[in-house]
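Participant: Starting off with a structure, shown below.
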Amino acid sequence: MAKINRYTGDLKAFASNSTGTNRTVFGDVTQSDTLDDNVNADYFLGWEIVGVNDKPDKEDFNGLGFTLGQIHAYIHQMGVPEWDSLQEYPATAITNRNGAFYISQQIHTGQDPELDTTNTYWSSPLDMSEFYADSGASNTYVLAPADDKPAPNSYKNGHTLSFIAANANTGASTVNVAGLGVKNIKLSGGADPAAGDIDGRTELVFDLSNDWFELPSPKGEVDHSANGYEILPNGTINQWGYVSGVSVSGDTIIPVVFPIAFPNSVLDVSWTPISTSTTDNIGAYVNSVTLTGADLIADKDSVSAKTINLYFRAKGY
């Protein structure tokens, strides 16, 4: 069947311009434009209300046509009917709740989609504003819808939003969306975002089980210099460095400073001495590890001085 073209204009119900009582509520003698009045007990009985030897009244025909037309006009007007607590919704049904659209997850009645924070009966809102304006400060982001779509009235699992951060973060951060309460922003696995992960356009996804917003793809960062580092999307930081011209004899402490400070913890530090002699036996140990550096211990097997170069690596988050 070919597509039916939409009526051009404000579609109204049959007999909506009826005057006086030329149209009455089905089975009654009064006129009403309200659906709740027209969809009554007689409406559900249909023409059973007419006796065997009686004729249906013209007014009832008008009333029936108006009621059916008014329902169609309402759907034409709204697009998707508004949610009602008495309506039964099968799986995959769509409803409109205060301007946000939801998909039913199973057959049910009386489950308000705005209150279903676990998505047991309804999906996350389909038409909720995804783009927000930030009015907060660095590390404390305050978001409100940047368009005419409704703001959420609760945090729902999987709710995805994006915003342009007014200020780049310098470490652990929080967000408050539409005044619903402050939530932590975390990387996958629970690590705090590194400095600069939140900068410019940023996307967040709410994780209900952990009660935080997750930063799915923080901005990677790398410095390929001799003393450099890389920050991975999951928050892991790998660092490396090169030190030359170190004189060692016996046990020698070689303090090194990492290219950048680790925000949270150091997981591993190692180093490798470089010597031009194959007869030198130099043990490589690590001591006094902090977020900003470590002491490298060169254990040479003789007290005679030897000049070496070395590479070091550090891993943390």
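The values are calculated or read from the model by the stated rules, or taken from the named source; none is laboratory data. As the structure is a prediction and not an experimental result, all values here were calculated from the model. As a convention, Cβ positions derive from the backbone with ideal geometry for all residues, glycine included, and neighbour counts pool all protein chains shown.
Participant: Can we say Ile185 is assigned to a strand (DSSP E or B), assigned by TED's automatic domain parsing to the domain that holds Thr140 and surrounded by fewer than 14 Cβ atoms within 10 Å (Cβ to Cβ)?
Facilitator: Judged against the criteria, Ile185 is not a match.
Participant: Let me ask something additional. For the range 231-269, enumerate the residues that are modelled with pLDDT under 90 and among the charged types (D, E, K, R).
Facilitator: Within the range 231-269, Asp251 is the sole residue that qualifies.
Participant: Anything in the range 9-58 that is touching a helix residue (DSSP H, G or I) at 6+ places or on another chain (Cβ under 8 Å), of a type in the set (D, E, K, R) and more than 23 Å from His76 (Cα to Cα)? List them, or say none.
Facilitator: If the condition is that a residue be touching a helix residue (DSSP H, G or I) at 6+ places or on another chain (Cβ under 8 Å), of a type in the set (D, E, K, R) and more than 23 Å from His76 (Cα to Cα), then Asp28, Asp42 are the ones that fit.
Participant: Name the pairs whose Cβ atoms lie under 6 Å apart, with the first residue in the range 224-250 and more than 15 Å from Lys315 (Cβ to Cβ), the second part of a loop (DSSP other than H, G, I, E, B) and among the β-branched types (Val, Ile, Thr), and 6 or more positions between them or separate chains?
Facilitator: Cβ pairs passing all conditions: Ser249/Val303; Gly250/Val303.
Participant: Mind checking which residues of the range 46-80 are in a loop (DSSP other than H, G, I, E, B), in contact (Cβ under 8 Å) with a residue 12 or more places away in the chain and among the small types (Gly, Ala, Ser)?
Facilitator: Gly79
Participant: If I go through the range 226-245 residue by residue, how many of them are out of contact with any Phe, Trp or Tyr (no Cβ under 8 Å at 6 or more places or on another chain) and surrounded by 19 or more Cβ atoms within 10 Å (Cβ to Cβ)? Let's see the steps before the verdict.
Facilitator: Quick first cut of the range 226-245, residues out of contact with any Phe, Trp or Tyr (no Cβ under 8 Å at 6 or more places or on another chain) only: 230-234, 244-245.
Keeping just the survivors that are surrounded by 19 or more Cβ atoms within 10 Å (Cβ to Cβ) gives 231.
Looking only at that region, the number is 1.
Participant: Another question, then. Would you be able to tell me the number of residues in the range 1-37 that are within 43 Å of the chain's Cα centre (by Cα) and loosely packed, with under 10 Cβ neighbours inside 10 Å? Please lay out each step first, then the result.
Facilitator: Taking the range 1-37 as the starting set, the residues that turn out to be within 43 Å of the chain's Cα centre (by Cα) are 1-13, 33-37.
If we keep only those that are loosely packed, with under 10 Cβ neighbours inside 10 Å too, we end up with 1-6, 8-10, 34, 36.
Number satisfying all stated conditions: 11.
Participant: Give me the residue from the range 161-174 that is within 15 Å of Asn184 (Cα to Cα) and not in a loop (DSSP other than H, G, I, E, B) and, out of that set, farthest from the chain's Cα centre (by Cα). Spell out the reasoning first.
Facilitator: From the range 161-174, those within 15 Å of Asn184 (Cα to Cα) are 161, 169-174; that's our starting set.
After this cut, where a residue has to be not in a loop (DSSP other than H, G, I, E, B) as well, the list is 161, 173-174.
On the way: Leu161: 5, Ser173: 16, Thr174: 14 Å.
Among those that are within 15 Å of Asn184 (Cα to Cα) and not in a loop (DSSP other than H, G, I, E, B), it is Ser173.
Participant: Name the residues in the range 183-193 that are touching a residue at least 40 places away in the same chain (Cβ under 8 Å) and of a type outside the set (Asp, Glu), would you? Steps first, answer last, please.
Facilitator: Of the range 183-193, the ones touching a residue at least 40 places away in the same chain (Cβ under 8 Å) are 185, 187-189, 191-193.
Answer for the range 183-193, where residues must be touching a residue at least 40 places away in the same chain (Cβ under 8 Å) and of a type outside the set (Asp, Glu): Ile185, Leu187, Ser188, Gly189, Ala191, Pro193.
Participant: Something else now. Select from the range 191-233 the residues that are of a type in the set (Val, Ile, Thr), closer than 18 Å to Ser138 by Cβ and not in a loop (DSSP other than H, G, I, E, B) and list them in ascending order. Explain how you work it out, then say what you get.
Facilitator: If we filter the range 191-233 for residues that are of a type in the set (Val, Ile, Thr), which is where we start, we get 198, 202, 205, 222, 231.
Those left that are additionally closer than 18 Å to Ser138 by Cβ: 198, 202, 231.
Within the range 191-233, Thr202, Ile231 meet the criteria.
Participant: Looking only at the range 175-192, which residues are under 13 Å from the mean Cα position of the chain (by Cα) and of a type in the set (D, E, K, R)?
Facilitator: Across the range 175-192, the qualifying residues are Lys183, Lys186.
Participant: Continuing with this model, one more query. Return the residue satisfying two criteria in turn: it lies in the range 279-294 and is at pLDDT below 90 and of a type outside the set (Val, Ile, Thr), and of such residues it is farthest from the chain's Cα centre (by Cα).
Facilitator: Here is the first cut: in the range 279-294, the ones at pLDDT below 90 are 279-285.
If we keep only those that are of a type outside the set (Val, Ile, Thr) too, we end up with 280-281, 283-285.
Values: Asp280: 57, Asn281: 56, Gly283: 50, Ala284: 47, Tyr285: 45 Å.
Only one residue fits best here, namely Asp280.
Participant: Here is a further query. Here is a check on your reading of the model: is Leu143 assigned to a loop (DSSP other than H, G, I, E, B), out of contact with any helix residue (DSSP H, G or I) (no Cβ under 7 Å at 6 or more places or on another chain) and of a type in the set (A, V, I, L, M, F, W, C)? Steps first, please.
Facilitator: Values: assigned to a loop (DSSP other than H, G, I, E, B): no; out of contact with any helix residue (DSSP H, G or I) (no Cβ under 7 Å at 6 or more places or on another chain): yes; of a type in the set (A, V, I, L, M, F, W, C): yes.
So Leu143 fails the test.
Participant: If Ile254 meets every condition in (1) exposed (fewer than 14 other Cβ atoms within 10 Å of the Cβ); (2) under 11 Å from Leu310 (Cβ atoms) apart from one, which number is that one?
Facilitator: Here Ile254 clears every test but (1).
Participant: Here's another thing I want to ask about it. For the range 1-34, which positions are farther than 17 Å from Asp57 by Cα, in contact with a Leu (Cβ under 8 Å, 6 or more places away or on another chain) and free of Cβ contacts under 8 Å to residues at least 40 places away in the same chain?
Facilitator: If the condition is that a residue be farther than 17 Å from Asp57 by Cα, in contact with a Leu (Cβ under 8 Å, 6 or more places away or on another chain) and free of Cβ contacts under 8 Å to residues at least 40 places away in the same chain, then no residue fits.
Listed here are the residues, each with its yes/no results for (1) of a type outside the set (Phe, Trp, Tyr); (2) surrounded by 14 or more Cβ atoms within 10 Å (Cβ to Cβ); (3) modelled with pLDDT of 90 or more.
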residue	(1), (2), (3)
Ala91	yes, no, yes
Gln106	yes, no, yes
Tyr121	no, yes, yes
Met128	yes, yes, no
Tyr132	no, yes, yes
Gly136	yes, yes, yes
Asp147	yes, no, no
Ala151	yes, yes, no
